[in-house]
Amino acid sequence: QVQLVESGGGLVQPGGSLRLSCAASGRLSSIAVMGWYRQVPGNQRELVAIINMIGGTNYADSAKGRFTISRDNAKMTVFLQMNSLKVEDTAVYYCNYMLGSVESWGQGTQVTVSS
């Protein structure tokens, strides 16, 4: 079983930055893919960015050029640096851990972009 704890969400003005962190614990494997998804009420959860063990990444088009995902394999922590935030980035952001059929989600952290 894998537990994920996110932190770093909050309220920021348009154009601002936030850095999300997600610490994993439990029965872990460094070869797992970790990532970030987000969800707005009434909408499906959507991919923001994912990263594999060797640093290979995949970003949603909306995140390219503004967000950067990274991970610390020794600490099994994944980060999401979000710059140039827009109002439409407002959502609950969820950390994800996936290894084969094993998938875990964090509890989510609210990001609100508003003036």
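A few points about this structure:
- Comparing 63, 74, 32 in a Gaussian network model of the chain (Cα springs below 10 Å), the most mobile by mean-square fluctuation is 74.
- Evaluated at q = 0.13, 0.20, 0.28 Å⁻¹: base-10 log I(q)/I(0), Debye formula over Cα of segment 1-73: -0.44, -1.03, -1.48
- Solvent-accessible surface ranking, highest first, for 101, 30 at 1.4 angstrom: 101, 30
- Label-point separation, residue 43 to residue 88 (7 Å along Cα→Cβ), nm: 0.8 nm
The values are calculated or read from the model by the stated rules, or taken from the named source; none is laboratory data. Keep in mind that this is a model prediction, so the values were computed, not measured. Note: ideal-geometry Cβ built from the backbone for every residue, glycine included; neighbour counts use all protein chains shown. Note: areas computed on protein heavy atoms with side chains; ligands, DNA, RNA excluded. Shrake-Rupley method; radii C 1.70, N 1.55, O 1.52, S 1.80 Å.
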